[in-house]
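Structure first, commentary second.
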Protein chains: 2
Amino acid sequence: MNLVRDMLAGNRQALARLISKVENRDGEVSKIIAELYPKTGRAQVWGITGPPGAGKSTLVDQLVLQLRAKKKRVAVVAVDPSSPFSGGAVLGDRIRMQRHAGDRGVYIRSLGTRGKRGGLSHATKEVLFILDAAGFDIILVETAGVGQTELDVLNIAQTVVVVLVPESGDSIQVMKAGLMEIADVFAVNKSDRPESDRLVHELKTMVGMQDHDENTWLAPILKTEAHRSVGVDSLLKSIESHQEFTTRSGEKQIKAEEFILNEVTDILSEKLSLSLIKIFESKDGQKILKELYHKKLDPYVAADRFSKIISKS
Amino acid sequence: MNLVRDMLAGNRQALARLISKVENRDGEVSKIIAELYPKTGRAQVWGITGPPGAGKSTLVDQLVLQLRAKKKRVAVVAVDPSSPFSGGAVLGDRIRMQRHAGDRGVYIRSLGTRGKRGGLSHATKEVLFILDAAGFDIILVETAGVGQTELDVLNIAQTVVVVLVPESGDSIQVMKAGLMEIADVFAVNKSDRPESDRLVHELKTMVGMQDHDENTWLAPILKTEAHRSVGVDSLLKSIESHQEFTTRSGEKQIKAEEFILNEVTDILSEKLSLSLIKIFESKDGQKILKELYHKKLDPYVAADRFSKIISKS
């Protein structure tokens with residue numbers, strides 16, 4: 001496949017086209033992934049999430065700059081499930097890329113879809129395979145963290161940074177459980193604001209209250225002012241410590257295996273959906289559906305019949 | 001099944017327990033749905049969505065009151081995919097129920113889950129079967145409309161009301177396409193605020209710009225002040241007109257059939273996930289996974305092998 005070869009040789013247009021193919025669930029996806037998969041397994045995946053307005057994009061840009069100074073090749077994947085109420089979050093890839101124009105060590109791409117549920121996190125996993133094979137050292141996955149799709153996406157990351165701002169303070173109690181589950185590192189951004197010490201204190205209390213022993217990673221809390229590059233170096237160090245921790249503890253390996261299990265599950269779910277669409281339109285399928293619509297069959301019995309048709313085909 | 005019999009006889013506790021079984025994906029779900037499915041098909045499903053703070057719950061409560069005055073039995077299902085950043089939206093069923101205490105014609109229930117993606121919209125569909133069989137005339141499905149799960153849920157409704165407030169005005173341009181796709185009726189709530197006329201005007205322009213002929217439903221735009229019960233009767237009339245329109249146009253039948261197709265698809269997806277979990281743990285499965293982890297197989301080839309194991313079992 002020429003696109004894959006060109007991409008591996010460093011062609012950016014080939015990279016962009018491969019990602020589009022995965023995003024659009026092109027028929028060649030299985031061939032692309034089959035060819036690239038053996039070349040994967042090197043990249044670190046960092047998730048960056050937080051409520052809208054927390055300054056995630058600015059922080060991500062600062063992380064990219066510092067990583068570039070260390071000669072790391074960095075890709076940013078901004079995941080935004082298009083929904084009528086999240087439309088405002090769509091990121092301007094072009095504007096963001098301009099800052100790094102001419103720097104072949106940076107690649108920024110938004111992913112979004114109005115497709116079937118599950119489709120976006122499946123596509124995101126496969127985009128990570130591509131970027132990993134393309135030789136990026138670190139892939140930053142940026143989400144607004146508001147729904148199931150974003151949580152699925154964050155599950156992919158080895159290290160998750162939750163970005164908060166002092167204003168988020170009031171709602172922290174409510175989201176406590178959820179945050180503790182996903183955060184490996186907290187960044188309290190816009191920390192020049194007066195209430196930031198209170199937020200840091202609250203987070204420290206929350207983190208300290210978890211069951212833990214000497215082998216537990218306790219999420220550090222870093223103060224940042226992304227727009228003035230303050231605290232970004234410490235944040236970077238914390239992320240790197242967490243990466244070392246997950247490697248040492250074996251958690252990284254477990255994550256890598258879960259990633260693959262989820263990818264296999266997604267492939268089979270997608271295959272199932274496509275088979276069903278065909279069967280629903282077939283003569284046999286229409287007969288079952290008619291009985292179902294007329295309530296002569298219930299959905300579970302109908303599902304069994306469809307399942308048998310799929311097994312035979 | 002005693003629970004089903006009791007529920008059909010009007011026992012509220014049995015109703016609540018059946019819903020919990022569906023929500024928790026209890027092993028008896030298929031039996032419950034098989035038994036109830038023939039008794040479904042009568043209820044109208046209305047979706048109510050809009051950004052947080054638009055006053056959806058107050059509006060829903062007002063609709064419930066007016067429907068009760070017309071002797072309609074009403075159920076409210078508030079769907080809230082638990083996510084770390086939406087925690088604040090969890091609705092207090094008990095508080096909301098208190099207003100209707102002793103009124104057996106009203107039932108209010110929140111649904112939320114941290115489970116696998118797709119699980120929530122699957123469970124919601126099955127809860128609608130239960131409420132429909134229980135004899136509720138109208139089921140209001142309330143969502144905050146921020147993610148894919150909520151959109152899946154809204155897809156279920158025959159009529160979708162999008163609730164906006166003057167403050168949402170600025171972001172309207174961005175979410176235009178998405179809104180037009182899902183809205184059958186617009187409610188501009190808190191319409192005593194000064195900017196509300198501008199929002200109404202913008203929405204009218206947007207609706208008018210759609211391709212349409214005499215058979216197209218153009219979403220009406222209603223001004224409401226839910227907290228003062230203003231405009232709720234007109235809103236109700238618009239919803240009822242839309243219900244008549246979908247019945248006449250055949251759209252209602254199409255929706256009902258799509259609903260069933262999605263339910264069958266969800267049943268098979270769930271079955272696939274459960275099969276995979278078992279196979280991943282089996283000896284054969286472990287062998288395939290080992291090759292996959294060591295990159296001797298790619299995920300698509302591995303998926304094919306798992307698919308064959310599933311077909312044989």
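The values are calculated or read from the model by the stated rules, or taken from the named source; none is laboratory data. Fair warning: this is a prediction, and the values are worked out from it, not measured in the lab. Every residue, glycine as well, gets a Cβ built from its backbone with ideal geometry; the counts of neighbours run over all protein chains shown. Keep in mind that these areas ignore ligands, DNA and RNA; they rest on the heavy atoms of the full protein, side chains included. Shrake-Rupley method; radii C 1.70, N 1.55, O 1.52, S 1.80 Å.
Observations on the model:
- Positions within the range A:27-42 being polar (S, T, N, Q) and open to solvent by less than 40 Å² (accessible area, probe 1.4 Å), in sequence order: A:Thr40
- The range A:35-67, residues that are under 21 Å from A:Gln253 (Cα atoms) and within 14 Å of another protein chain (Cβ to nearest Cβ): A:Leu36, A:Tyr37, A:Pro38, A:Lys39, A:Thr40, A:Gly41, A:Arg42, A:Gly47, A:Ile48
- Against the test of being small (Gly, Ala, Ser) and under 30 Å from A:Glu126 (Cβ atoms), the options A:Ser196, A:Ser275, A:Ser234, A:Ser229 yield a single qualifying residue, A:Ser275.
- Verdict on B:Ser20 being small (Gly, Ala, Ser), in contact with a strand residue (DSSP E or B) (Cβ under 8 Å, 6 or more places away or on another chain) and at pLDDT below 95: no
- If you go through the range B:8-46 and keep only what is within 14 Å of B:Leu128 (Cα to Cα) and outside any helix (DSSP H, G or I), you end up with B:Thr40, B:Gly41, B:Arg42, B:Ala43, B:Gln44, B:Val45, B:Trp46.
- Candidate set from the range A:1-15 (those that are touching a helix residue (DSSP H, G or I) at 6+ places or on another chain (Cβ under 9 Å) and in contact (Cβ under 8 Å) with a residue 40 or more places away in the chain); member that is surrounded by the fewest Cβ atoms within 10 Å (Cβ to Cβ): A:Leu8
- Positions within the range A:207-222 being in contact with a Leu (Cβ under 9 Å, 6 or more places away or on another chain) and open to solvent by 80 Å² or more (accessible area, probe 1.4 Å), in sequence order: A:His212
- Check on B:Glu142, away from chain A (no Cβ under 11 Å) and at pLDDT 75 or above: yes
- With respect to the conditions (1) out of contact with any Phe, Trp or Tyr (no Cβ under 6 Å at 6 or more places or on another chain); (2) more than 9 Å from chain B (Cβ to nearest Cβ); (3) free of Cβ contacts under 8 Å to residues at least 40 places away in the same chain; (4) more than 21 Å from A:Gly50 (Cβ to Cβ), A:Glu258 lacks only one, and its number is (3).
- Scanning the range A:290-313 for residues that are part of a helix (DSSP H, G or I) and either open to solvent by less than 20 Å² (accessible area, probe 1.4 Å) or touching a Pro at 6+ places or on another chain (Cβ under 7 Å) (or both) turns up A:Leu292, A:Pro299, A:Ala302, A:Ala303, A:Phe306.
- Screening the candidates A:Lys252, A:Lys204, A:Lys287, A:Lys271 for the property of being basic (Lys, Arg) and surrounded by fewer than 15 Cβ atoms within 10 Å (Cβ to Cβ) yields one hit, A:Lys287.
- The set of residues in the range A:68-108 being modelled with pLDDT of 90 or more and aromatic (Phe, Trp, Tyr) consists of A:Tyr107 alone.
- Hey, B:Glu270 within 11 Å of chain A (Cβ to nearest Cβ) and farther than 28 Å from B:Leu59 by Cβ or not: yes
- Within the range A:295-313, the set of residues being more than 7 Å from chain B (Cβ to nearest Cβ) and under 33 Å from the mean Cα position of the chain (by Cα) comprises just one member, A:Ile310.
Residues are listed down the side, and each one gets a yes or a no for (1) open to solvent by less than 40 Å² (accessible area, probe 1.4 Å); (2) more than 18 Å from the chain's Cα centre (by Cα); (3) under 28 Å from B:Val185 (Cα atoms):
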{"residue": "B:Arg25", "(1), (2), (3)": "no, no, no"}
{"residue": "B:Gln44", "(1), (2), (3)": "no, no, yes"}
{"residue": "B:Lys56", "(1), (2), (3)": "yes, no, yes"}
{"residue": "B:Val60", "(1), (2), (3)": "yes, no, yes"}
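- Taken over the range A:245-259, the criterion of being farther than 19 Å from A:Ala187 by Cβ and not hydrophobic (A, V, I, L, M, F, W, C) is satisfied by A:Thr247, A:Arg248, A:Ser249, A:Gly250, A:Glu251, A:Lys252, A:Gln253, A:Lys255, A:Glu257, A:Glu258.
- When every residue of the range A:237-253 is checked against the conditions, at least one turns out to be within 11 Å of chain B (Cβ to nearest Cβ) and modelled with pLDDT of 90 or more.
- Any hit, the range A:224-235, residues being over 30 Å from A:Ile309 (Cβ atoms), touching a Gly at 6+ places or on another chain (Cβ under 6 Å) and in a helix (DSSP H, G or I): yes
- Contacts under 7 angstrom Cβ, first residue in the range A:231-243 being more than 11 Å from A:Leu59 (Cβ to Cβ), partner open to solvent by less than 10 Å² (accessible area, probe 1.4 Å) and aromatic (Phe, Trp, Tyr), 6 or more apart: A:Ile239/A:Trp46
- Of the set (1) closer than 22 Å to B:Leu151 by Cβ; (2) surrounded by fewer than 20 Cβ atoms within 10 Å (Cβ to Cβ); (3) within 22 Å of the chain's Cα centre (by Cα), all apply to B:Lys237 but (1).
- Pairs where the first residue, in the range A:148-159, is more than 7 Å from chain B (Cβ to nearest Cβ) and under 16 Å from A:Gly119 (Cβ atoms) and the second is modelled with pLDDT under 75 and assigned to a loop (DSSP other than H, G, I, E, B), C-beta under 8 Å, 6+ apart: A:Glu150/A:Pro81; A:Glu150/A:Ala144; A:Glu150/B:Ser83; A:Glu150/B:Gly147
- Cross-chain or 6+ apart pairs with Cβ under 7 Å, the range B:51-68 first and at positive phi, then open to solvent by 40 Å² or more (accessible area, probe 1.4 Å) and part of a loop (DSSP other than H, G, I, E, B): B:Gly55/B:Lys190
- The listed residue being open to solvent by less than 20 Å² (accessible area, probe 1.4 Å) and within 10 Å of chain B (Cβ to nearest Cβ), out of A:Val188, A:Val264: A:Val264
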